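Take a look at the structure set out below.
The values are calculated or read from the model by the stated rules, or taken from the named source; none is laboratory data. Worth saying up front: this structure is predicted, and the values here are computed from it rather than measured. Heads up, the Cβs are rebuilt from the backbone with ideal geometry, glycines too, and the neighbour counts pull from every protein chain shown.
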Amino acid sequence: MSENSPGVQAYIKRGTAFSSAEAALRSKMRQKKFDTIAVHGLYGMEAALANQGSIIEPAYLSPAQHFENSDHMEAALAYLMPAWAYTRIANPGLHYLEQALALLEGYGFAGETSACMTSSGMAAVFMATNPFLTQEGSNTVMNIVASAKCYGGTFMLFNQRYAKERGIELRWVRDPLDLNEWADKIDNNTRFVFGEMPSNPGLGVFDIAALAALAHQHGLPLIVDSTIATPALMRPLQHGADIVVHSVSKCLAASGFAIAGAIVSRRDIPSRVGPAELRADFASYVKLLPMRDHGSSLSPFSALMILNDLRSLRSRVDLMSKNALKVAEFLAQHPQIESVNYPGLSASPGHEIAAKYLWLADGEDDYGSAVNRFGHLLSFNVKGGVRAARAVFDGLGMIWRATDLGRIKSVAAIPAISTHQQQGEEGRELSNIPDNMIRLSIGAEHPKDIIEDLEQALAGVEKSTVVSV
């Protein structure tokens, strides 16, 4: 290494000036409202002038960066100055998206935040958890403590890839509302605590602040999958969580033009393992080191699609949440429905905890006082078992049948035969996902039309039941 050479030092100095200017802009943007951050991020007028005056963030589709000379290349590849070098490591378009998400997830949080984009939501879950699963010194069996109420892909990653393939002990928490159950499963060999809130598809919740305090007592990070809430409704770092993961493909990118994931972390997180860099700035550590080697990077074109979706996040989530509550209330009183899972319903077991954490960002500006919003996702169990549930599902005429959620269009799925099929009957019983459950992601259509579609699908089942009798 020749980092002490005058040429390399000159580039380090140039990089320091760039980082200082960006830090000043980031500090300025942190004073703005949520919507302003979503629209602008860190792409300001100076950046535009450096990009032919484009007022929209440009997409750098070239996979590699040209360097001025060997000193420039050395300083950049040693991470001694900001650069992008190769899109598997970084990219200007990804940088703008990461900065925007870090600011949004850190909205109202006093500390600094960092973000790392990944190729999918599952890549984000993997990259957020795998760095803690290193064998250091002792041959004791490490364990992870996680809520069983989670997305099917997460369940399979933990249960199949970590537990069965790598011998890591997996300790599922059946009732995430029960703090004692969490406490009973944490010990000296636990590496991290993981929860999804609200969960997909059961809409389970937990007390983030209480669980974060418990994890920190043991020197452990709390990782929260906040995909369903998005930062428009909940920002777990504000409540003590250390790392937040998102399947950006969902509500953050509601148009459906991109698959992506994100990791957002605060600084100086607790961990029993790993280098100092991991604790100091986890998201940046993951981006520049483990993810560089695993290769789960995001396409810069996808980043551009997501940036455009991100600009309308808060108003879109507000509308979809209001629609979802109306649909949940309709389903809750329908005679063909066994039960409805939606934290916005006062009868929901987790309603009080959900109301503690799920608030529309800057809602007081729109409504005169702070307002709870409970997200776009709900699920319901149909009376008559799996055959009745399939009949309702097949009878939908406007609501799309797909394994997707968070879209601007309403979408339905049967988790037992789709998103959670692979975890098997035992795994679905653990996660409380019955065969007659339909997951429903509410879009931006008029709620009257969504309800009419559900009504006619349910009516078809009622008629067939009468005929069969």
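Being within 18 Å of the chain's Cα centre (by Cα), under 19 Å from Leu104 (Cα atoms) and assigned to a helix (DSSP H, G or I): is that true of Leu252 here? Break it down into steps so the answer makes sense when it comes.
Numbers: within 18 Å of the chain's Cα centre (by Cα): yes; under 19 Å from Leu104 (Cα atoms): yes; assigned to a helix (DSSP H, G or I): yes.
When the stated conditions are applied, Leu252 passes them.
Checking Leu310 against (1) among the aliphatic types (A, V, I, L, M); (2) modelled with pLDDT under 95; (3) closer than 18 Å to Gly108 by Cβ: exactly one of these is not met. Which one?
(2)
Scan Val411, Val386 and give me the residue that is closer than 25 Å to Gly153 by Cα, out of contact with any Phe, Trp or Tyr (no Cβ under 9 Å at 6 or more places or on another chain) and of a type in the set (A, V, I, L, M). Spell out how you get there, then give the answer.
Working: Val411 fails: out of contact with any Phe, Trp or Tyr (no Cβ under 9 Å at 6 or more places or on another chain).
None of the others qualify; the one that does is Val386.
Does any residue of the range 238-252 turn out to be among the hydroxyl-bearing types (Ser, Thr, Tyr), touching a His at 6+ places or on another chain (Cβ under 9 Å) and in the same structural domain as Ser147 (by TED's automatic domain parsing)? Spell out how you get there, then give the answer.
Within the range 238-252, the first condition is being among the hydroxyl-bearing types (Ser, Thr, Tyr), and the residues that meet it are 247, 249.
From what's left, touching a His at 6+ places or on another chain (Cβ under 9 Å): none.
No, the conditions are met nowhere in the range 238-252.
For the structure I just gave you, tell me whether Gly261 is crowded, with 24+ Cβ neighbours inside 10 Å and out of contact with any Phe, Trp or Tyr (no Cβ under 8 Å at 6 or more places or on another chain). Write out each step before concluding.
Details: crowded, with 24+ Cβ neighbours inside 10 Å: yes; out of contact with any Phe, Trp or Tyr (no Cβ under 8 Å at 6 or more places or on another chain): yes.
Answer is yes for this residue.
Among the numbered criteria (1) under 24 Å from Pro176 (Cα atoms); (2) crowded, with 22+ Cβ neighbours inside 10 Å, which one does Ser410 miss?
(1)
It is to be established whether one or more residues within the range 373-383 are surrounded by fewer than 17 Cβ atoms within 10 Å (Cβ to Cβ) and outside the structural domain of Tyr107 (by TED's automatic domain parsing). Explain how you work it out, then say what you get.
Start the filter on the range 373-383 by keeping residues that are surrounded by fewer than 17 Cβ atoms within 10 Å (Cβ to Cβ), which leaves none.
No, the range 373-383 contains no residue that is surrounded by fewer than 17 Cβ atoms within 10 Å (Cβ to Cβ) and outside the structural domain of Tyr107 (by TED's automatic domain parsing).
Output the number of residues of the range 1-47 satisfying the condition of being over 19 Å from Leu80 (Cα atoms), aliphatic (A, V, I, L, M) and either modelled with pLDDT under 95 or surrounded by fewer than 14 Cβ atoms within 10 Å (Cβ to Cβ) (or both). Lay out the reasoning, then the answer.
In the first step, residues of the range 1-47 are kept if they are over 19 Å from Leu80 (Cα atoms); the result is 24-47.
Now restrict to residues that are aliphatic (A, V, I, L, M): 24-25, 29, 37-39, 42, 45, 47.
Filter once more, so that each one left must be either modelled with pLDDT under 95 or surrounded by fewer than 14 Cβ atoms within 10 Å (Cβ to Cβ) (or both): 24, 45, 47.
Here the count works out to 3.
Please determine, by comparing only the residues of the range 418-446 that are within 19 Å of Val392 (Cβ to Cβ) and hydroxyl-bearing (Ser, Thr, Tyr), which one is modelled with the highest pLDDT.
Here the answer is Ser441.
Looking only at strands (runs of 3 or more DSSP E) that lie completely in the range 93-211, which have at least 3 residues being closer than 26 Å to Ser379 by Cβ and of a type in the set (A, V, I, L, M, F, W, C)?
Numbers: elements: 113-118, 143-147, 169-173, 190-196.
In the range 93-211, 143-147, 169-173 are the strands (runs of 3 or more DSSP E) which contain 3 or more residues that are closer than 26 Å to Ser379 by Cβ and of a type in the set (A, V, I, L, M, F, W, C).
Where in the range 311-395 are there helices (runs of 4 or more DSSP H), lying wholly inside it, with at least 3 residues that are in contact (Cβ under 8 Å) with a residue 60 or more places away in the chain? Before you say what the answer is, go through the steps one by one.
On the way: elements: 313-332, 351-357, 363-367, 385-394.
Because the criterion is at least 3 residues that are in contact (Cβ under 8 Å) with a residue 60 or more places away in the chain, the helices (runs of 4 or more DSSP H) in the range 311-395 that meet it are 313-332, 351-357, 385-394.
Out of (1) touching a residue at least 60 places away in the same chain (Cβ under 8 Å); (2) of a type in the set (S, T, N, Q); (3) surrounded by fewer than 24 Cβ atoms within 10 Å (Cβ to Cβ), what's the single condition that is false for Thr113?
(3)
Against the definition (polar (S, T, N, Q), free of Cβ contacts under 8 Å to residues at least 24 places away in the same chain and assigned by TED's automatic domain parsing to the domain that holds Ile228), how does Asn143 come out, yes or no?
Values: polar (S, T, N, Q): yes; free of Cβ contacts under 8 Å to residues at least 24 places away in the same chain: no; assigned by TED's automatic domain parsing to the domain that holds Ile228: yes.
Considered against the rule, which asks whether it is polar (S, T, N, Q), free of Cβ contacts under 8 Å to residues at least 24 places away in the same chain and assigned by TED's automatic domain parsing to the domain that holds Ile228, Asn143 comes out as no.
Among the residues of the range 34-54, which ones are of a type in the set (A, V, I, L, M) and within 19 Å of the chain's Cα centre (by Cα)?
Scanning the range 34-54 gives Ile37, Ala38.
Considering only residues that are touching a His at 6+ places or on another chain (Cβ under 8 Å) and either farther than 22 Å from Ser247 by Cα or of a type in the set (Phe, Trp, Tyr) (or both), which ones fall in the range 262-293?
Correct list: Pro270 only.
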